[in-house]
Amino acid sequence: MAGRRALKAVLIDLSGTLHIEDSAVPGAQDALKRLRQAAVAVKFVTNTTKESKRNLLERLQRLNFDVQEKEIFTSLSAARSLLEQKQLRPLLLVEDSALEDFTGFNTSEPNAVVIGLAPDHFNYQTLNNAFRMILDGAPLIAIHKARYYKRKDGLALGPGPFVTGLEFATDCKATVVGKPEKTFFTQALSDLGCSPGEAVMIGDDARDDVGGAQDAGMLGILVRTGKYRQGDENKISPPPHLTCDSFPDAVDHILQNLL
């Protein structure tokens, strides 16, 4: 911690770090309780676009995690903020279970393409419609560009390959609002009263969680659960502050070394 101010906040990824679908990472609930007993703020930051914040909160509470809705910051929230700022009418390529986080938007005659993880909508007709809209000038907004994520049955494609395909076909660049964008991390910290230099991020994605956080000025801890694959820690520079087996180990390190 030489040259750093005292740690004030811990940002925690959800899918792959605390849980995988409806199964908690072993020991994660108790580790979260131990972290909450320390003098540090906790916030949960996620790129998930598979479900609304309300559904995500219900899932975590079913798994006996002590989490409040106000503590969850999602890439869906960041996307909604951008749409409101620019007064856009979105074509929403997200899972139906995530649509409630966009309640109130006018989606008739859309003039922007918003793409998240939407396996049921990633078909030729829908993507071709998005392609034509972008060619006609509609902005492409990517909720995030993750390459893949972890499901119970194995790794699965994320939205990144589909976003990249639309970028390639239309010769344009998407505006990305989720991790690893610096603005996502600074927005997540904005109500915690601390700077990036006073925060640490725990996640299973070397690029989006750890690399993004460290580019924003935070420390990053990579866990070997979820989507982690051997050697991921070598894919970013600088490397993670720490690579450890799981969330409980990350909490142990924070309590013993960073506070």
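The values are calculated or read from the model by the stated rules, or taken from the named source; none is laboratory data. Everything numeric in this text was worked out from a predicted model, so none of it was measured. Cβ coordinates were reconstructed from backbone atoms using ideal geometry, including for glycine residues, and neighbour counts include every protein chain displayed. To get the accessible areas, we keep the full protein, side chains included, count just its heavy atoms, and leave off ligands, DNA and RNA. Shrake-Rupley method; radii C 1.70, N 1.55, O 1.52, S 1.80 Å.
Restricting to region 165-209, and then to whatever is of a type in the set (A, V, I, L, M) and assigned to a helix (DSSP H, G or I), can you tell me which residue is nearest to GLY116 (Cα to Cα)? Don't jump to the end; show me each part of the working.
To start, the set of residues in region 165-209 that are of a type in the set (A, V, I, L, M) comprises 166, 169, 174, 176-177, 188-189, 192, 199-202, 206.
Among the residues that remain, those that are also assigned to a helix (DSSP H, G or I) are: 166, 169, 188-189, 206.
On the way: LEU166: 13, ALA169: 18, ALA188: 19, LEU189: 23, ALA206: 20 Å.
Out of the qualifying residues, it is LEU166.
Given the criteria under 22 Å from ALA156 (Cα atoms), surrounded by fewer than 22 Cβ atoms within 10 Å (Cβ to Cβ) and out of contact with any Cys (no Cβ under 9 Å at 6 or more places or on another chain), does GLY217 qualify?
On the way: under 22 Å from ALA156 (Cα atoms): no; surrounded by fewer than 22 Cβ atoms within 10 Å (Cβ to Cβ): yes; out of contact with any Cys (no Cβ under 9 Å at 6 or more places or on another chain): yes.
Answer is no for this residue.
With PHE162, PHE131 as the choices, which residue is assigned to a helix (DSSP H, G or I), in contact with a helix residue (DSSP H, G or I) (Cβ under 9 Å, 6 or more places away or on another chain) and within 23 Å of ALA206 (Cβ to Cβ)?
Values: PHE131 fails: within 23 Å of ALA206 (Cβ to Cβ).
Only one candidate qualifies: PHE162.
Spot the failing condition for LEU63; the list is (1) closer than 24 Å to ASP191 by Cα; (2) not assigned by the TED database to the domain that holds VAL200, and only one is missed.
That leaves (1) as the condition not met.
Quick check on my filter: what residues within region 139-155 are buried (at least 21 other Cβ atoms within 10 Å of the Cβ) and closer than 21 Å to ARG89 by Cβ? Let's see the steps before the verdict.
Initially, region 139-155 is screened for residues buried (at least 21 other Cβ atoms within 10 Å of the Cβ), giving 140-146, 149.
Passing the criteria: LEU140, ILE141, ALA142, ILE143.
Table: residues versus (1) assigned by the TED database to the domain that holds LEU35; (2) touching a Gly at 6+ places or on another chain (Cβ under 7 Å); (3) touching a residue at least 12 places away in the same chain (Cβ under 8 Å); (4) more than 16 Å from LEU18 (Cβ to Cβ).
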{"residue": "LEU219", "(1), (2), (3), (4)": "yes, no, yes, yes"}
{"residue": "GLY226", "(1), (2), (3), (4)": "yes, yes, yes, no"}
{"residue": "LYS235", "(1), (2), (3), (4)": "yes, no, yes, yes"}
{"residue": "THR243", "(1), (2), (3), (4)": "yes, no, yes, yes"}
{"residue": "PRO248", "(1), (2), (3), (4)": "yes, yes, yes, no"}
{"residue": "VAL251", "(1), (2), (3), (4)": "yes, no, yes, no"}
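Given the criteria loosely packed, with under 14 Cβ neighbours inside 10 Å, farther than 21 Å from LEU189 by Cβ and small (Gly, Ala, Ser), does SER108 qualify? Steps first, please.
Numbers: loosely packed, with under 14 Cβ neighbours inside 10 Å: yes; farther than 21 Å from LEU189 by Cβ: yes; small (Gly, Ala, Ser): yes.
Taking the combined requirement at face value, the residue satisfies it.
What's the number of the only condition in (1) over 29 Å from GLY160 (Cα atoms); (2) of a type outside the set (S, T, N, Q); (3) modelled with pLDDT of 95 or more that ALA38 fails to meet?
Looking at each condition in turn, ALA38 falls short on (3).
Would you say THR183 is within 18 Å of PRO90 (Cβ to Cβ), polar (S, T, N, Q) and touching a residue at least 60 places away in the same chain (Cβ under 8 Å)? Even if it seems obvious, please write down each step before you answer.
Values: within 18 Å of PRO90 (Cβ to Cβ): no; polar (S, T, N, Q): yes; touching a residue at least 60 places away in the same chain (Cβ under 8 Å): yes.
No.
Filter region 220-259 down to the residues that are more than 22 Å from ALA39 (Cα to Cα) and open to solvent by 30 Å² or more (accessible area, probe 1.4 Å) and list them by number.
ARG224, TYR228, ARG229, GLN230, GLU233, ASN234, LYS235, SER237, PRO238, PRO239, THR243, ASP245, listed by residue number.
Starting from residues that are open to solvent by 50 Å² or more (accessible area, probe 1.4 Å) and either farther than 26 Å from LYS43 by Cβ or of a type in the set (A, V, I, L, M) (or both), keep the ones in region 156-191 and report whichever is modelled with the lowest pLDDT.
Ranking the qualifying residues of region 156-191, first place goes to LEU157.
Which of the residues spanning region 198-232 are over 16 Å from VAL45 (Cβ atoms) and touching a strand residue (DSSP E or B) at 6+ places or on another chain (Cβ under 9 Å)? Spell out how you get there, then give the answer.
Going through region 198-232, the residues over 16 Å from VAL45 (Cβ atoms) turn out to be 224-225, 228-232.
Once the filter is applied, which keeps residues that are over 16 Å from VAL45 (Cβ atoms) and touching a strand residue (DSSP E or B) at 6+ places or on another chain (Cβ under 9 Å), region 198-232 yields ARG224, THR225, TYR228, ARG229, ASP232.
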